[in-house]
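Here the structure is laid out as structure tokens; the discussion comes afterwards.
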Amino acid sequence: MFGAADEKALLARDFRTLMPPDEAKRATAFFESLFVSGEPLHGVEHQMYRGDGSVFWVSVSVALLRDSRGSPAGVVTNIADISEQKRMQEQLITSDRMASMGMLAAGVAHEINNPLAAVMGNLDLAAEAVAKRAETLGLAAEFSEVLEELHDAREATGRIRNIVRDLKIFSRSGDDEKKDVVDVERVMESTLRMAWTEIRHRARLVKNYGKTPLCEANESRLGQVFLNLVVNAVQAIAEGSAEKNEIRITTSTDETGHVIVEIADTGDGMTKDVLDRLFTPFFTTKPRGVGTGLGLTICQRIVTEIGGSIDVKSLVGKGTAFLISLPPARPGLSEDKQPVSPRIVAANRR
């Protein structure tokens with residue numbers, strides 16, 4: 001736990017050197033109070049140093065030892081590593097906070113929808129009326145600037161509508177387990193809009209959408225998977241070289257009819273040791289406070305529950321690619337919806 005070469009090496013150290021300075025002061029005060037009151041201390045949480053210098057959480061219980069005359073003769077201390085419990089607590093707090101934010105976002109999206117629809121409808125009517133009036137008066141050139149401004153306003157409201165739709169996709173709470181017919185390209189486009197601010201500072205975005213069938217899945221959960229993998233791809237690339245790096249999104253259909261979604265980056269890549277533990281709960285290579293180590297575990301569970309699979313391939317210094325295989329929707333479920341037509345888009349801006 002402390003990285004000492006042997007028992008003697010650890011016994012020779014002042015316990016305060018095993019803690020950050022502020023924690024050492026607090027622990028000293030606890031020991032002093034123990035000798036004054038004689039009351040044992042149970043489950044006091046501290047941060048301590050591991051052998052590699054990293055900080056971890058422990059639970060400390062201390063009791064006073066007395067000699068035959070009842071005088072203090074020493075202490076007995078139990079130290080338990082509670083790092084995993086602390087990480088679980090942090091994840092629960094984060095999940096609760098995200099659930100609250102999701103409910104808020106869903107409510108805001110709902111409230112925006114109605115007035116937004118009215119604005120869009122009125123802009124369409126205004127543009128149509130101006131165009132007809134210009135044609136009647138023979139003043140098309142004079143009215144062209146007004147029409148252009150109306151069209152720009154209509155396009156801006158369309159972007160707001162997309163944002164509202166994206167919020168609804170990523171904030172559903174009551175339909176978490178409900179499955180429906182899902183267009184993976186539509187979900188991916190929503191994901192990329194959500195992550196675009198992060199992407200554009202680190203890499204060029206290349207999209208290669210092939211012809212794919214619709215899937216039977218939960219749209220919100222699938223969006224959660226895509227967003228987690230895209231954000232991971234972004235974080236694997238250092239800022240400052242956006243033109244030299246790339247995040248590539250590819251969709252296709254394999255010989256079994258499954259939809260294949262590939263999210264690849266040109267980041268640092270991963271070693272075999274990291275790859276072997278990648279889907280292990282609480283395993284993370286990110287700094288403390290940046291990741292909980294549960295994101296990929298949750299992604300794997302979501303994909304597996306809908307009958308799919310998720311694989312990864314990576315080379316150190318070359319980059320990483322996640323491949324998600326999703327089963328097509330059952331016959332009859334997608335009769336009223338058509339798969340998207342294939343197209344290839346390459347861009348470094350949206």
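Beyond a 23 Å Cα-Cα separation, which of these cross-linked pairs lie in this structure: 244/313; 211/318; 211/272; 178/211; 272/318; 178/207?
Result: 211/318; 211/272; 178/211; 178/207 exceed 23 Å.
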Once you have the Cα-Cα distance between residue 90 and residue 153, take 0.36 nm times their residue separation minus that, and quote the gain in nm to one decimal. 18.3 nm
Once a ≥ b ≥ c are taken as the square roots of the eigenvalues of the Cα gyration tensor of the stretch 12-152, is the result rounded (a/c under 1.5), prolate (a/b larger than b/c) or oblate (a/b not larger than b/c)? prolate
Got a sec to turn the phi values of the stretch 252-260 into Karplus ³J(HN,Hα) couplings, 6.51 cos²θ - 1.76 cosθ + 1.60 with θ = phi - 60°, whole Hz, x for Gly and Pro? 7, 10, 8, 5, 8, x, 6, 7, 10
If packing is taken as the average number of other Cβ atoms within 10 Å across a peptide's residues, how do 324-331, 5-12 rank, most packed first? 324-331, 5-12
Karplus ³J(HN,Hα) for the stretch 232-240 (6.51 cos²θ - 1.76 cosθ + 1.60, θ = phi - 60°; Hz, whole; x = Gly/Pro) runs 4, 4, 4, 5, 7, 10, 6, 5, x
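Set the Förster distance to 22 Å, then compute FRET efficiency between residue 238 and residue 193 from the Cβ-Cβ distance, nearest 0.05.
Values: r = 23 Å, r/R0 = 1.06.
For R0 = 22 Å, the calculated efficiency reads 0.40.
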Give me a comma-separated list of calculated 3J(HN,Hα) values for the stretch 123-128, in order, Karplus coefficients 6.51, -1.76, 1.60 applied at θ = phi - 60°, integers in Hz, x for any Gly or Pro. 5, 4, 5, 5, 5, 5
DSSP loop (so not H, G, I, E, B), at most 16 other Cβ within 10 Å: list which GluC sites (Glu not before Pro) in the stretch 245-283 pass both filters. 255
Between residue 144 and residue 26, the two model label points (7 Å from Cα along the beta-carbon direction) sit apart by a distance in nm of 7.1 nm
Could you tell me the calculated FRET efficiency between residue 67 and residue 297, based on Cβ-Cβ distance and R0 = 41 angstrom, to the nearest 0.05? 0.20
Quick check: pseudo-label points 7 Å beyond the Cα along Cα→Cβ at residue 83 and residue 10, how many nm apart are they? 1.5 nm
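Coordinate-derived values only; no laboratory data. Remember, it's a predicted structure, so these values are computed and weren't measured experimentally. Using ideal geometry, Cβ is built from the backbone for each residue, glycine included, and neighbour counts are taken over all protein chains shown.
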